[in-house]
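These notes are about the structure you will find just below.
The values are calculated or read from the model by the stated rules, or taken from the named source; none is laboratory data. Model, not experiment: these values are computed from the prediction. As a convention, Cβ positions derive from the backbone with ideal geometry for all residues, glycine included, and neighbour counts pool all protein chains shown.
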Amino acid sequence: MRNTPAWIINPSKSHLMIYESNLLKKGIEYIAGVDEVGRGALAGPMVVASVILNPIHLKLLADIFVGREIHTNNDIVSGILEKYNQIRDSKLLLSAKREELSIFIKNNAVAYSIEIVDNTTIDDIGVSKCTQIGFFNAISKLSVKAEHILTDLFPIKVIKKMIQTNIVKGDNKSISIASASIIAKVFRDDLITKMYESREEYKPYLFNKNKAYGTQEHLKALYKFGPCDIHRKSFEPVKSMVGIKRDKKSM
């Protein structure tokens, strides 16, 4: 038997387990984290992911992060805990690390789901309603029923308030929400890259680099060529550019 590995005792990350630890103390084990990616992008879909992490792993992490010594002679368990120690807000991770952790999270989760809300739906009913639909559908698609839901900022209006906690900057405060953000980010980035590669007319916007967010290079292409079919026509500055004739010779 051996003591808690030094790498896992990281007080700077203990805040990621506060919400989960409190719920576990109440006997709540199936905790779903929910987060979206692409809500503020100028093109393409918004992706929502939900994940229920393994409660056995969460209990071990909860013990570790409060400084309680654990003992394990199992290299597999030790390796799993080390991976959890790397989870954080997806925006703070390099692409390769996000992809690695996304696979790990999905392989070790009790359940996870992914919901896609396309740009047409966002234009038709608005991004706020789409966020509600995306969050609710992601929770509903989980193969295991969540006992409590942790969301990044947005409450799910059609779900009882008593079984959800809405956390400002939740992807930096909850390991469950951070895990959902990683799954959603990796999935959407891959989807946007495939869309970019599928049609020549998407090439000027460099979606493969900016993931359809309003970067300087993206805006430059918008002003030159006008919007394409996957741009969100209800978002500015795209809204003001609808109908602008593209410079097709330069595309």
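Key figures for this structure:
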| item | result |
| --- | --- |
| Contacts under 6 angstrom Cβ, first residue in the stretch 40-67 being more than 30 Å from Leu222 (Cα to Cα), partner buried (at least 24 other Cβ atoms within 10 Å of the Cβ) and among the charged types (D, E, K, R), 6 or more apart | Leu58/Glu20 |
| Only one of Ser140, Ser113 that is closer than 13 Å to Ala49 by Cα and under 12 Å from the mean Cα position of the chain (by Cα) | Ser113 |
| Which numbered condition Pro45 misses (of (1) out of contact with any strand residue (DSSP E or B) (no Cβ under 9 Å at 6 or more places or on another chain); (2) buried (at least 18 other Cβ atoms within 10 Å of the Cβ)) | (1) |
| Selection from the stretch 149-166 of residues that are farther than 21 Å from Leu24 by Cα and in contact with a Ser or Thr (Cβ under 7 Å, 6 or more places away or on another chain) | Phe154 |
| Of all residues making up the stretch 37-96, the number that are at pLDDT 90 or above, part of a helix (DSSP H, G or I) and either in contact with an Asp or Glu (Cβ under 6 Å, 6 or more places away or on another chain) or acidic (Asp, Glu) (or both) | 2 |
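Residue by residue, here is whether (1) surrounded by 19 or more Cβ atoms within 10 Å (Cβ to Cβ); (2) touching a Leu at 6+ places or on another chain (Cβ under 8 Å) holds:
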| site | (1), (2) |
| --- | --- |
| Ile159 | no, no |
| Lys169 | no, yes |
| Ser176 | yes, yes |
| Ile182 | yes, yes |
| Arg188 | yes, no |
| Ala221 | yes, yes |
| Ile230 | yes, no |
| Glu236 | no, no |
